[in-house]
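All remarks here apply to the structure that follows.
Read-outs: derived from the displayed coordinates by stated rules, not from any lab. Being a predicted model, the structure only gives us computed values, none of them experimental. Here Cβ is always computed from backbone atoms with ideal geometry, including for glycine, and neighbour counts include all displayed protein chains.
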Amino acid sequence: MEFHAARLLLLINICGVAGRIDGLTKMAKLDFFARYPDFFEVAADKLTGKSGEGRAGENKENAVESAMVRHHYGPWDKRYYHVLAHLEGRGLITVTKMKNTYRLALTDLGKQRAKALSSAQAFAELVQRMRGIKKIFGGKSGTFLKNHIYKVFEKEVGRRPMGKVIT
């Protein structure tokens, strides 16, 4: 669980706005791109108009870090609730319900830990990828990200049965 917790701290810090992400859907879709580098490249190319046709899953160097499953709103990891509770219990994030969404925000301690993780060599590649994700998709809503994933990866995600691992 520690690696997943570290990745989510980095995600909120790097891909969020002012140390927060509004919405579990947005968090999960940004995390999908962090965990599936080839899919990120293709989705980014589609959005920016570059030619990234057919690259998802082809680059073995960018293997999936940790698999996700198809859920009602796209890629999801059943561990999110446990990992987020773990982070909240350790005083690293706050989770606040705001109307129909949850705001995930780093505490001061969470910001300190995320900063330390950002400078750790073990996370250098992930941090670099997340910076690219922030640049391309950071300003998009969770709904936009979900729809974009379904459109670009109809076969790999959209048509996959619920609960099945995305490959």
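Per residue of the chain, what 222 nm ellipticity follows from adding -39500 (n - 2.57) for every DSSP H run with n ≥ 4, rounded to the nearest 500?
The helix-only estimate for the chain comes to -15500 deg cm²/dmol at 222 nm.
Among the trypsin sites (Lys or Arg not before Pro) in segment 123-167, which ones are in a DSSP loop with at most 16 other Cβ atoms within 10 Å of the Cβ? Mind listing them?
Loop-located and lightly packed - 140, 159, 164.
Could you list 119, 66 so that the one with the fewest beta carbons within 10 Å of its beta carbon is first and the one with the most is last?
119, 66
Pick from 32, 123, 40: which residue has the top mean-square fluctuation in a GNM of the chain where Cα pairs under 10 Å get a spring?
Largest GNM mean-square fluctuation: 123.
Go ahead and collect, in residue order, the members of segment 135-162 whose backbone nitrogen is under 11 Å from a label point 7 Å along the Cα-Cβ direction of residue 80.
142-143, 146
Straight-line reach from residue 135: which aspartates and glutamates have a Cα under 13 Å away, not including same-chain ones fewer than 8 places off?
41, 45
Taking the Cα atoms of segment 2-158 alone, what are Rg (to one decimal) and Dmax (as a whole number) in Å?
14.9, 44
Roughly what would the spin-label model give for residue 99 and residue 69, points 7 Å off Cα along C-beta, in nm?
According to this spin-label approximation, the distance is 3.1 nm.
Compute the FRET efficiency between residue 46 and residue 131 as 1/(1 + (r/R0)^6), taking r as their Cβ-Cβ distance and R0 = 25 Å, and round to the nearest 0.05.
FRET efficiency, residue 46 to residue 131: 0.80.
Could you list 157, 95 so that the one with the fewest beta carbons within 10 Å of its beta carbon is first and the one with the most is last?
Exposure proxy ranking, most exposed first: 95, 157.
Given labels modelled 7 Å from the Cα in the Cβ direction, how far is it in nm from residue 141 to residue 3?
Placing both labels 7 Å beyond Cα along the Cβ direction yields 3.5 nm.
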